[in-house]
Amino acid sequence: MLDLSENLIRKIGLLYRYMMRAIDSEMAALDIGAGRFSYLFMLYLREGLTQQEMAYRLQADKAAVARTLAQMERQGFVERRPDQGDRRVLRVYLTERARALRGELERAIIRVMAHLRGDLADEAWQLLEQQLGAMLQRLDAHYQVGHKGGRAGPAA
């Protein structure tokens, strides 16, 4: 019988929850929750994405992304502006407040990653990343779970 209390699936699920709690802890003083930092990092790489593009890249529900962006807008981290070519489309941009936090956010993530990695050697860490990536690809190839409609999404 499969031991569901100590198998890999449970450990990966717990690892995700622990990481999100650690990120919450690191970012508490910055007023950014673990669920929101990924929005900011996506915009640090490329501002002006639409809400739909962000939902696709995050593999999240469009309504949930719209709610989160509304909260982030109220907090002063992002602003949504109409597209110049199509006024029906809203594009998301960082505010100066969010830009000023980038270094602190990056350092917070680096601290969490350092605790996660512990004393793993570079080779072991790289192998772990490769193996996890391969697992994701295999599941997506078989079940098409990583992309809505089974199509590959743009890199974040």
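The values are calculated or read from the model by the stated rules, or taken from the named source; none is laboratory data. Note that the structure is predicted; figures quoted are calculated from it, not measured. Cβ sites come from the backbone with ideal geometry, for glycine too, and all protein chains shown count toward neighbours.
Note on region 99-114: among residues that are out of contact with any helix residue (DSSP H, G or I) (no Cβ under 7 Å at 6 or more places or on another chain) and not aliphatic (A, V, I, L, M), the one that is farthest from Y18 (Cα to Cα) is R99. Of the helices (runs of 4 or more DSSP H) that lie entirely inside region 1-93, those containing 2 or more residues that are farther than 20 Å from E104 by Cα span 8-27, 51-58, 62-75.
Condition check ((1) surrounded by 12 or more Cβ atoms within 10 Å (Cβ to Cβ); (2) on the phi > 0 side of the Ramachandran plot; (3) over 19 Å from the mean Cα position of the chain (by Cα); (4) not in a helix (DSSP H, G or I)) across all residues:
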site	(1), (2), (3), (4)
L101	yes, no, no, no
E104	yes, no, no, no
R111	yes, no, no, no
L116	yes, no, no, no
W125	yes, no, yes, no
G133	no, no, no, no
Q137	no, no, no, no
D140	yes, no, no, no
V145	yes, no, no, yes
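In the set (1) part of a loop (DSSP other than H, G, I, E, B); (2) modelled with pLDDT under 95, L120 fails one condition alone, (2). Scanning region 7-41 for residues that are of a type in the set (F, W, Y), over 23 Å from T95 (Cα atoms) and either touching a residue at least 60 places away in the same chain (Cβ under 8 Å) or exposed (fewer than 11 other Cβ atoms within 10 Å of the Cβ) (or both) returns a single hit, Y16.
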